[in-house]
Each structure stands twice: as C-alpha cells, then as structure tokens.
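Okay, so here's the structure we're looking at.
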Amino acid sequence: MNRGSKGIFTTKAQPFSKWWAQFRAEVIVVPMKDPLEPFMTVNDNLLTLRTGYHTRRNTIVVPWMLMLTILTLYFIYDSSYKYNFESQKARAERMIEFHQDRKNKYERWIIDFQKEGRKDDESYYRGRVADEDKQIQSFSIYFEQDGNVTLFTHMRALKQRGKLDSFLSTTGFLALMCALSLGAWLLFLLKPQDAEVYFDRNRQIVYSWRHGRVGAASFDKMGILENHLGLNIVLQFENKNQTGYRPMGIMGIDIGKLSFHREGDMTYPLAQILAFMEHGKEAVITGESFRREPAKYFLRKDKKPDNFEQRVEGALAAEDDLVSHYRTNRVRGHAI
C-alpha cells in the first residue's frame with residue numbers, strides 16, 4: 001500500500017480516513033491473543049496505544065545518563081587536584097624553592113661568563129634569570145592575603161604563567177559534562193510516563209493528554225504522519241493557556257524498532273486500529289480483553305487533567321479546521 005510518505009522528510013499530516021478503503025481491500029487483520037506493541041489495551045469499548053518515550057528512555061536516555069555520569073565522575077577525579085587550592089599552595093611553595101635554586105645557579109654562571117668574556121652566554125642566561133623571576137612571582141601570588149587561596153587567586157597565578165586559558169577550557173568542559181549528566185538524570189527521574197492514546201469505539205473518537213493539555217478528534221478527522229520516528233497521531237489539542245486549540249501530534253509511536261521506520265512498518269497496526277473501530281475487539285484479539293503491563297521504573301504518570309470529559313468535548317467542538325490545518329501546516333508535536 002502506497003500512502004505517499006516521504007519518510008524523514010514528511011512534515012504534514014493526512015487524515016487516516018483518506019486510506020480506509022485501501023486498508024479494507026488490501027489488509028487482512030487476524031485476531032491474536034497478543035495484538036503486539038504498541039497496543040496496550042483492547043476491550044469492548046477501548047483500544048489504547050502507548051507512546052514511544054519509554055523505548056527511547058531505556059535505549060537512549062538511560063545509556064547516555066550512565067555514560068555521562070561515569071565520564072563526569074572520572075573527569076572530576078582526574079582533575080580534582082586542580083581545584084584543591086591548599087594542594088596548589090603547597091606545590092607553589094616547592095616551585096618557588098625550585099625556581100629560586102635555578103635562578104641562583106644561573107646568576108653564578110653569569111658571573112663566570114662575565115669573567116671569561118662570553119657575552120652571548122651571559123645574555124642568554126640573563127633572559128633565563130628573568131624567566132625564573134616571573135615564575136617565582138606567579139607562585140608567590142598564592143601567599144598573598146595572608147596565604148588564603150581562593151579560585152581567583154589560583155586564576156591570577158595561572159594567568160601570570162600563561163596557563164589560564166587551558167584551566168578555563170578544562171573547567172568549561174567539566175561544567176558542560178556536569179550539566180549534561182544532571183539534565184539526563186532530571187529527564188530520567190522527572191519526566192512522567194506518557195498517557196496512552198485512547199480509541200473510543202462507541203463514540204468514534206480518539207483522545208489523550210499531555211502535561212495537563214487535552215487533545216481529541218473524531219476518528220474520521222484524526223490525522224496521521226508517518227516518518228522515521230514511527231507513527232504520529234494528530235489531534236486537536238488545547239493551547240498552553242487553555243484558551244484555544246491547535247493541531248498537535250503525539251509523535252514517535254515506535255513499531256518494532258527504535259527509528260528508521262518505513263511506511264510498511266505502520267500498515268498493519270493502522271489496519272488493526274481501523275478493524276477495531278469498525279468491528280470491535282473480536283477483529284483484533286481472541287480473548288475477552290487484553291492488557292499489557294505498562295513500562296516500569298517511572299516515578300509518576302502524566303496525571304489525567306481535571307474536568308476531562310468536558311474538555312474532550314471542547315476539543316471535539318473546535319475540530320472544524322483540524323484537517324485543513326494539519327494538511328497545509330507543519331505539525332508540531334508532544335514527544336521524545
């Protein structure tokens with residue numbers, strides 16, 4: 001079945017009803033004990049689909065979170081001596097003694113070169129003495145202000161030695177790693193489990209919610225967008241202030257793989273949805289009902305909004321321009 005999807009380049013949705021006749025003629029749906037993912041619930045009145053977030057959470061967010069955490073801890077451990085200012089002060093004391101000894105040695109050599117008339121060697125080692133003086137001055141910064149070493153003291157000393165840029169680059173990289181690691185942990189811990197997408201056979205409607213915003217559409221006006229992320233279902237969603245509505249996509253419902261979906265991957269699940277909405281659960285499952293165990297390890301679920309049924313009716317009442325809008329405009333979405 002060719003629905004004209006251009007894969008990753010698809011940005012505009014089409015009404016699912018556009019291909020109903022083709023699905024009826026070309027795809028035979030076989031009832032099964034388990035209708036396979038992404039289906040979560042099938043009963044007399046409802047069929048539900050999960051989103052793709054939990055898949056991406058387990059295969060992308062968690063590995064990256066662990067990798068970034070390990071790397072961040074390693075970099076903190078590896079560079080911790082750079083931020084131990086008491087250790088830097090003790091090192092500065094040793095380095096002052098070292099450079100002072102070298103300066104004294106060069107000064108003795110200069111006296112010998114003066115006696116022997118070796119002006120080139122004398123000139124060279126006078127430059128070396130000046131270099132040693134600079135090093136001594138830079139390390140002496142650690143003993144200013146009664147010897148209390150702060151980050152700014154350390155940075156002044158590094159600037160004097162021409163090493164401040166390297167320190168700032170290392171610090172910036174470490175800060176970036178910490179921020180990325182923290183961001184991955186916050187996403188893992190705080191993002192709730194997405195609400196499922198509900199297909200109501202009795203009312204012939206589709207609805208869901210995201211972060212307190214309700215979306216709904218009549219089944220014959222529901223939009224679909226198929227790309228490499230998977231199946232994307234377009235409904236009429238409330239805007240952020242709940243003062244109006246706009247088409248939004250529930251994006252990235254993966255089917256059998258994480259990404260790089262093709263149109264053919266989504267044909268049979270779409271046929272199952274159509275069969276359920278037209279003929280009931282007997283067209284999709286062999287048992288009385290079906291319920292798949294939800295994904296684990298979420299701290300919370302996306303809470304069902306208050307006054308939900310009333311708000312579903314409001315979204316349905318505002319769907320007059322739904323189809324024309326998503327057919328002519330790029331669809332924005334709720335997903336990860």
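The values are calculated or read from the model by the stated rules, or taken from the named source; none is laboratory data. Predicted, not measured: the structure shown is a model, and the values here were computed from it. Heads up, the Cβs are rebuilt from the backbone with ideal geometry, glycines too, and the neighbour counts pull from every protein chain shown. These area figures cover heavy atoms from the full protein model, side chains too; ligands, DNA and RNA do not enter into them. Shrake-Rupley method; radii C 1.70, N 1.55, O 1.52, S 1.80 Å.
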Here's a check for you: in the range 37-58, which residue that is in a loop (DSSP other than H, G, I, E, B) and out of contact with any strand residue (DSSP E or B) (no Cβ under 8 Å at 6 or more places or on another chain) is nearest to E278 (Cα to Cα)? D44
Give me the pairs: first residue in the range 63-83 and in a helix (DSSP H, G or I) and charged (D, E, K, R), second residue open to solvent by less than 80 Å² (accessible area, probe 1.4 Å) and at pLDDT below 95, beta-carbon distance under 9 Å, and six or more apart or on different chains, which are they? K82/Q88; K82/H154; K82/F167; K82/T170; K82/T171
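Which of the residues that make up the range 25-36 are assigned to a loop (DSSP other than H, G, I, E, B), in contact with a strand residue (DSSP E or B) (Cβ under 9 Å, 6 or more places away or on another chain) and open to solvent by 30 Å² or more (accessible area, probe 1.4 Å)? Reasoning before the result, please.
In the first step, residues of the range 25-36 are kept if they are assigned to a loop (DSSP other than H, G, I, E, B); the result is 27-31, 33-36.
The next check asks that each one be in contact with a strand residue (DSSP E or B) (Cβ under 9 Å, 6 or more places away or on another chain); those that pass are 31, 33-35.
Within the range 25-36, P31, K33, D34 meet the criteria.
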Scanning the range 90-132 residue by residue, those open to solvent by less than 50 Å² (accessible area, probe 1.4 Å) and either in contact with a Gly (Cβ under 7 Å, 6 or more places away or on another chain) or within 17 Å of R156 (Cβ to Cβ) (or both) turn out to be A92, M95, I96
Out of the range 306-336, which residues are in a loop (DSSP other than H, G, I, E, B) and more than 24 Å from L225 (Cβ to Cβ)? D306, N307
Restricting to the range 238-256, and then to whatever is part of a strand (DSSP E or B) and open to solvent by less than 50 Å² (accessible area, probe 1.4 Å), can you tell me which residue is nearest to K281 (Cα to Cα)? I253
Residues that are open to solvent by 40 Å² or more (accessible area, probe 1.4 Å) and of a type in the set (A, V, I, L, M, F, W, C), drawn from the range 134-165: F143, L151, F152, M155
Count, please, the residues in the range 72-117 that happen to be in contact with a Cys (Cβ under 7 Å, 6 or more places away or on another chain) and of a type in the set (A, V, I, L, M). 0
Exclusive hit being more than 16 Å from V29 (Cβ to Cβ), within 22 Å of the chain's Cα centre (by Cα) and not hydroxyl-bearing (S, T, Y), set G244, G252, G215, G223: G252
Could you tell me which of the residues E132, E122, E116 is touching a helix residue (DSSP H, G or I) at 6+ places or on another chain (Cβ under 7 Å), more than 23 Å from R94 (Cβ to Cβ) and among the acidic types (D, E)? E122
Those residues of the range 6-24 which are at pLDDT 85 or above, among the hydrophobic types (A, V, I, L, M, F, W, C), part of a helix (DSSP H, G or I) and under 20 Å from T328 (Cβ atoms) amount to F16, W19
Could you list, in sequence order, all residues of the range 181-193 that are part of a helix (DSSP H, G or I) and either free of Cβ contacts under 8 Å to residues at least 24 places away in the same chain or open to solvent by less than 80 Å² (accessible area, probe 1.4 Å) (or both)? S181, L182, G183, A184, L186, L187, F188, L189
Could you check how many residues of the range 194-237 are outside any loop (DSSP other than H, G, I, E, B) and either open to solvent by less than 30 Å² (accessible area, probe 1.4 Å) or small (G, A, S) (or both)? 28
